1. I'd like to check one number: the per residue accessible area of the chain, probe 1.4 Å, reported in Å² as a whole number.
2. Per residue of region 13-28, what does 6.51 cos²θ - 1.76 cosθ + 1.60 with θ = phi - 60° give for ³J(HN,Hα)? Whole Hz please, x for Gly and Pro, Karplus curve as stated.
3. With contacts defined as alpha carbon pairs under 8 Å and 6 or more residues apart, what's the relative contact order of the chain in percent?
4. Check which residues have an amide H placed less than 5 Å from GLY100's amide H, if you skip close sequence neighbours.
5. Please list, in chain and number order, the residues 5+ apart from ALA45 or on another chain whose amide H is under 5 Å from its amide H, with Hs placed from the backbone.
6. Karplus couplings for region 35-46 from phi (6.51 cos²θ - 1.76 cosθ + 1.60, θ = phi - 60°), rounded to Hz, Gly and Pro as x?
7. Quick check on region 13-130: take the gyration tensor over C-alpha atoms, sort the square-rooted eigenvalues as a ≥ b ≥ c, and tell me if it's rounded (a/c under 1.5), prolate or oblate.
8. In terms of modelled amide H atoms, which long-range or inter-chain residues lie less than 5 Å from the amide H of ILE78?
Amino acid sequence: MTDPIADMLTRVRNAVQARHDSVEMPSSTMKVAIARVLKDEGFIAGYQVLEDRPFKMLRVDLAYTGKKEPVLTGIKRISKPGLRVYTKAATIPRVYGGLGLAIVSTPKGVMSGQQARRLKLGGEVICHVW
């Protein structure tokens, strides 16, 4: 697999469209960091790393509103292995006028674009979520 982050985002996107309660995928430090940001911003209900398997798995619990409408309506990979996208703190993109979220990998760790802007940190734009 050449892009495990894109695989994670595709699994989450497909699970949301199929209205699943949760989705599992192979775990990595970067995937757990992205799941942490999604949980902190309210796009997913929670996540956990399952270590009772031959290799670690990450389970992401999806969040829905009362009528089984997904909280997360879209997710798009921005920086890809073939074309990395970096930005300064002042030019971190706003997704849907602030309704969405940009996830940025900074020297201080993976965080939301708003938090990176507040700390004046630039970095690699991993994905946009809305």
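The values are calculated or read from the model by the stated rules, or taken from the named source; none is laboratory data. All values reported here derive from a predicted model rather than from experimental measurement. Remember, those area values only see protein heavy atoms, side chains included, never the ligands or the DNA or RNA. Shrake-Rupley method; radii C 1.70, N 1.55, O 1.52, S 1.80 Å.
1. Details: 7380 Å² over 130 residues.
Result: 57 Å² of accessible area for each residue.
2. 4, 5, 5, 5, 5, 8, 6, 6, 6, 8, 9, 10, 7, x, 8, 8
3. Numbers: 235 pairs, mean separation 29.2, N = 130.
Rounded, it is 22 percent for the chain.
4. Sorted by chain and number, the residues that satisfy this are VAL95.
5. Here the answer is ASP61, LEU62, ALA63, since their amide H atoms fall under 5 Å of that of ALA45.
6. 4, 4, 5, 4, 5, 4, 8, x, 7, 10, 6, x
7. Values: a/c = 2.00, a/b = 1.35, b/c = 1.49.
Here region 13-130 falls in the oblate category.
8. For ILE78, whose amide H was placed from the backbone, the distant partners under 5 Å are CYS127, HIS128.
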